[in-house]
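The values are calculated or read from the model by the stated rules, or taken from the named source; none is laboratory data. Nothing here was measured: the structure is a model prediction, and the numbers come from that model. Counting neighbours? That spans all protein chains shown, and the Cβs are built from the backbone with ideal geometry, glycine included. To get the accessible areas, we keep the full protein, side chains included, count just its heavy atoms, and leave off ligands, DNA and RNA. Shrake-Rupley method; radii C 1.70, N 1.55, O 1.52, S 1.80 Å.
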Amino acid sequence: MAWRGLATEFLQVPAVTRTYTAACVLTTAAVQLELLSPFQLYFNPHLVFRKFQVWRLVTNFLFFGPLGFSFFFNMLFVFRYCRMLEEGSFRGRTADFVFMFLFGGVLMTLLGLLGSLFFLGQALTAMLVYVWSRRSPRVRVNFFGLLTFQAPFLPWALMGFSMLLGNSILVDLLGIAVGHIYYFLEDVFPNQPGGKRLLLTPGFLKLLLDTPEEDPNYLPLPEEQPQPPQQ
């Protein structure tokens, strides 16, 4: 019964958050069970473009290291802030949310080439946290009961904590930088004099992922109208 209740609760999580979190957990479980090796997952331009191992463009965002405190720490932030974005500013805009993932993933991959970064899941987490924090500037965040501060400071606190865990801050800085680029192009520049939206979600994503809006001026055909009950 407990598993059934947990499954029901998980199915109530928005689709993108549910899919990404499940993919990360399953990937880590597969590595832990030695069904996969991290060497099959990491980003390697030579193997991607010369050996056509294109799955590495995706799998490097799914592996956060072996099971341990660092993994659960990252999963907590991925699940929490991905869900809050999807239920908040991206509510009813699944295609736009997926496009943000695609934009961030492509930009991180290109910039990651300069820093020889092999796994970018932590950078994607930092991007999600950064975008949420900039869109929730008045929210006060309790950081593990140790500190309380305004939301815009959260990405930097997360980076500091990651450094204490022995991780490279370069990955977090990459995520923050990409998050700021997205935030500027999506939320700041369009509201400037002469500005406009530059990040336009492709129509096919909207067609696939968004529920079509009903036309308020649509008049149903006579055969589509409800019939009065027969006496």
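In plain terms, the chain from residue 32 to residue 204 could stretch by 58.2 nm, reckoned as 0.36 nm per residue minus the Cα-Cα distance.
Against the chain, whose longest principal axis comes from its Cα atoms, helix 15-32 is set at around 30 degrees.
Using the empirical formula 2.2 N^0.38 Å as the baseline, the Cα radius of gyration of the range 140-214 reaches a ratio of 1.55.
Starting from the alpha-carbon convex hull of the chain, give the projected area averaged over all orientations, in nm². Walk me through the numbers before you get to the answer.
Working: hull surface 83.0 nm².
For the chain, averaging the hull's shadow over all directions gives 20.7 nm².
Between residue 70 and residue 8, the distance separating the two model label sites (each 7 Å from Cα on the Cα→Cβ line) works out to 3.9 nm. Expressed per residue, the C-alpha convex hull volume of the range 125-170 stands at 65 Å³.
Please state the charge dipole magnitude for the range 20-138, taken about the Cα centre, from unit charges on C-beta atoms (+1 on K and R, -1 on D and E), reported in debye and rounded to the nearest 20.
Values: 10 positive and 4 negative charges, 60 e Å.
Here the range 20-138 has a charge dipole of around 280 debye.
Relative to the current alpha-carbon distance between residue 23 and residue 168, full extension at 0.36 nm per residue lengthens the span by 49.8 nm.
Using the Cα centre of the chain as the reference point, and only Cβ charges (+1 on K/R, -1 on D/E), how large is the resulting charge dipole? Debye, rounded to the nearest 20. Intermediate results must be reported in sequence, preceding the final value.
Working: 16 positive and 14 negative charges, 154 e Å.
Around 740 debye, computed over the chain.
The range 186-200 and the range 67-112 have Cα centres separated by 22 Å. By the helix-only formula, in which each DSSP H run with n ≥ 4 contributes -39500 (n - 2.57) and the sum is divided by residues, the chain has a 222 nm mean residue ellipticity of -17000 deg cm²/dmol. Round to a whole number: what % of the accessible area of the range 51-129 belongs to carbon and sulfur, probe 1.4 Å? Accessible surface attributable to carbon and sulfur in the range 51-129 totals 72 percent. Considering only 160, 8, 182, and ranking their Cα positions along the charge dipole of the chain that arises from unit charges at the beta-carbon of Lys, Arg, Asp and Glu, the one farthest toward the positive end is 160. The figure for residue 16 is an accessible area of roughly 20 square angstrom, using a 1.4 Å probe on the protein chains alone. Residue ranking by accessible heavy-atom surface, 1.4 Å probe, largest first, among 209, 35, 198, 41 comes out as 35, 198, 209, 41.
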